[in-house]
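The values are calculated or read from the model by the stated rules, or taken from the named source; none is laboratory data. What you see is a predicted model, and the numbers here were worked out from it, not measured in a lab. Neighbour counts run over all protein chains shown; Cβ positions are idealised from the backbone, glycine included. Only protein heavy atoms, including side chains, enter the accessible area calculation; ligands, DNA and RNA are left aside. Shrake-Rupley method; radii C 1.70, N 1.55, O 1.52, S 1.80 Å.
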Amino acid sequence: MVKLIAQTPCEGQLPMTIGDVTLTEVVIQTAWNVAPFAGKEADVSKALEAQSGVGFPAANRMLTKAGSRSIWVGAGRALVQCDGLPELSGLAAVTEQGDAIAAVRLDGPAAEATLARLVPLDLRVSTFKRGHTARSFVGHMAASVTRVGAEAFEVMVMRSMARTLVHELEEAAKGLAARA
Amino acid sequence: MRITCPHCGERDRREFTYQGASEIMARPDADAGVSAFADYLHLRDNPAGDTRDMWYHDPCGAWIVVDRNTVTHAVTGSTLAREGRT
């Protein structure tokens, strides 16, 4: 019998600290992509909030409450991370995403400058505050970028892109550190 | 060139994929006849000036209808295709 060994998306590659930025993996075990049907967004939001404390987020925003999160991840879609979803039959299309996403957290004074090398957005704290999220590119790769703290971001991509994401972030951080 | 996504705001052109003229939004009725469908599929204007076309915002997944000018390269407006503008 083959013995299967569970591996996280960035297994063996993280954490690492380069200059003033630390990269750590965020393991997303349970998550769902929730896409409300036309006109059902308010109902979905109410049901989610009753169950998990977080409703359906507005565009470009993340909602958090006591371990639950809902992150806007595109037109009419949110990634909901919580213990369990309420009944959403007839209200939304739901896709299980646990284990499907690679997420890396950047911490430190250089986190912003590291992402500035990769993401074509203004991520300075004056315009991109805690709880703000954006769908954009990291290098050539579609990604969700979310500010989770004053000097902290979380970047999410499809799991198949985990190694590329780590490589891109590592190269950007090294380049930045070399210039310091 | 920068295009405004109705969800995400003004973004670099690299985030978008071009599809074609916005005539694709105005499909003839099913009984309109072969020539109407031939026009719908194949006939396009080639304006020097204001034009309207379909773009896909890759990272967020929204189809948008963009007003732009082929002479000045100005982008003057964008709306979600799902709102049904033709």
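Just checking, which of A:Glu151, A:Glu170 is more than 26 Å from A:Leu48 (Cα to Cα) and either more than 17 Å from the chain's Cα centre (by Cα) or in the same structural domain as A:Phe37 (by TED's automatic domain parsing) (or both)? Steps first, answer last, please.
Working: A:Glu151 fails: either more than 17 Å from the chain's Cα centre (by Cα) or in the same structural domain as A:Phe37 (by TED's automatic domain parsing) (or both).
Going through A:Glu151, A:Glu170 in turn, the sole match is A:Glu170.
Specify the residue that is least open to solvent (accessible area, probe 1.4 Å); the eligible residues are those in segment B:6-42 that are in a loop (DSSP other than H, G, I, E, B) and within 14 Å of another protein chain (Cβ to nearest Cβ).
It comes out as B:Cys8.
Let me spell it out: the conditions are (1) of a type outside the set (Val, Ile, Thr); (2) without any contact (Cβ under 8 Å) to a residue 24 or more places away in the chain; (3) more than 14 Å from chain B (Cβ to nearest Cβ); (4) touching a Cys at 6+ places or on another chain (Cβ under 7 Å), and A:Ser52 meets all of them except one. Which number is the exception?
Condition not satisfied by A:Ser52: (2).
For the structure I just gave you, tell me whether A:Pro86 is in contact with a Ser or Thr (Cβ under 9 Å, 6 or more places away or on another chain), within 11 Å of chain B (Cβ to nearest Cβ) and open to solvent by 10 Å² or more (accessible area, probe 1.4 Å).
For A:Pro86, the condition - in contact with a Ser or Thr (Cβ under 9 Å, 6 or more places away or on another chain), within 11 Å of chain B (Cβ to nearest Cβ) and open to solvent by 10 Å² or more (accessible area, probe 1.4 Å) - is not met.
Would you call A:Thr127 within 14 Å of chain B (Cβ to nearest Cβ), within 19 Å of A:Ala58 (Cα to Cα), buried (at least 21 other Cβ atoms within 10 Å of the Cβ) and of a type in the set (S, T, N, Q)? I'd like the intermediate steps shown before the answer.
Working: within 14 Å of chain B (Cβ to nearest Cβ): yes; within 19 Å of A:Ala58 (Cα to Cα): yes; buried (at least 21 other Cβ atoms within 10 Å of the Cβ): no; of a type in the set (S, T, N, Q): yes.
So A:Thr127 does not fit the description; no.
Checking the conditions here, which among A:Thr64, A:Thr30 is touching a residue at least 60 places away in the same chain (Cβ under 8 Å), in a loop (DSSP other than H, G, I, E, B) and surrounded by fewer than 21 Cβ atoms within 10 Å (Cβ to Cβ)? If you could, list the steps in order and put the result at the bottom.
On the way: A:Thr64 fails: in a loop (DSSP other than H, G, I, E, B).
The conditions single out A:Thr30.
Would you confirm, using the coordinates I've provided, whether B:Pro47 is touching a strand residue (DSSP E or B) at 6+ places or on another chain (Cβ under 7 Å), open to solvent by less than 60 Å² (accessible area, probe 1.4 Å) and either outside any helix (DSSP H, G or I) or among the hydrophobic types (A, V, I, L, M, F, W, C) (or both)?
Working: touching a strand residue (DSSP E or B) at 6+ places or on another chain (Cβ under 7 Å): no; open to solvent by less than 60 Å² (accessible area, probe 1.4 Å): yes; either outside any helix (DSSP H, G or I) or among the hydrophobic types (A, V, I, L, M, F, W, C) (or both): yes.
When the stated conditions are applied, B:Pro47 does not pass them.
Can you list the strands (runs of 3 or more DSSP E) lying wholly within segment A:94-180 that have 3 or more residues being in contact with a strand residue (DSSP E or B) (Cβ under 9 Å, 6 or more places away or on another chain), more than 18 Å from A:Glu25 (Cβ to Cβ) and not acidic (Asp, Glu)? Talk me through it step by step, then tell me what you get.
On the way: elements: A:101-107, A:133-138, A:141-149, A:152-158.
Fully inside segment A:94-180 and qualifying: A:133-138.
I want to confirm something. Restricting to segment A:133-159 and keeping residues that are away from chain B (no Cβ under 14 Å) and touching a helix residue (DSSP H, G or I) at 6+ places or on another chain (Cβ under 8 Å), which single residue is nearest to B:Thr4 (Cα to Cα)? Talk me through it step by step, then tell me what you get.
At the first step, the residues of segment A:133-159 found to be away from chain B (no Cβ under 14 Å) are A:147-154, A:159.
Filter again for touching a helix residue (DSSP H, G or I) at 6+ places or on another chain (Cβ under 8 Å), leaving A:151-153.
Working: A:Glu151: 28, A:Ala152: 27, A:Phe153: 24 Å.
So the residue we want is A:Phe153.
Residues to consider are A:Leu121, A:Leu115; find the one that is within 14 Å of another protein chain (Cβ to nearest Cβ), touching a residue at least 24 places away in the same chain (Cβ under 8 Å) and not polar (S, T, N, Q). Even if it seems obvious, please write down each step before you answer.
Working: A:Leu115 fails: within 14 Å of another protein chain (Cβ to nearest Cβ).
Just a single option satisfies the conditions, and that option is A:Leu121.
Got a number for residues in segment B:50-64 being open to solvent by less than 20 Å² (accessible area, probe 1.4 Å) and either aromatic (Phe, Trp, Tyr) or within 14 Å of another protein chain (Cβ to nearest Cβ) (or both)? It would help to see each step written out before you state the result.
Pass one, segment B:50-64, residues open to solvent by less than 20 Å² (accessible area, probe 1.4 Å): B:53-55, B:57, B:59-60, B:62, B:64.
Filter once more, so that each one left must be either aromatic (Phe, Trp, Tyr) or within 14 Å of another protein chain (Cβ to nearest Cβ) (or both): B:55, B:57, B:59-60, B:62, B:64.
Final tally of qualifying residues: 6.
Name the pairs: first residue in segment B:16-44 and farther than 30 Å from A:Phe137 by Cα, second residue part of a strand (DSSP E or B), Cβ to Cβ under 7 Å, at least 6 apart or on different chains?
These pairs meet every condition: B:Arg44/B:Ala21.
Just name the residue that is nearest to A:Ala172 (Cα to Cα) out of those in segment A:111-133 that are in contact with a Ser or Thr (Cβ under 9 Å, 6 or more places away or on another chain) and of a type in the set (Gly, Ala, Ser).
The residue in question is A:Ala111.
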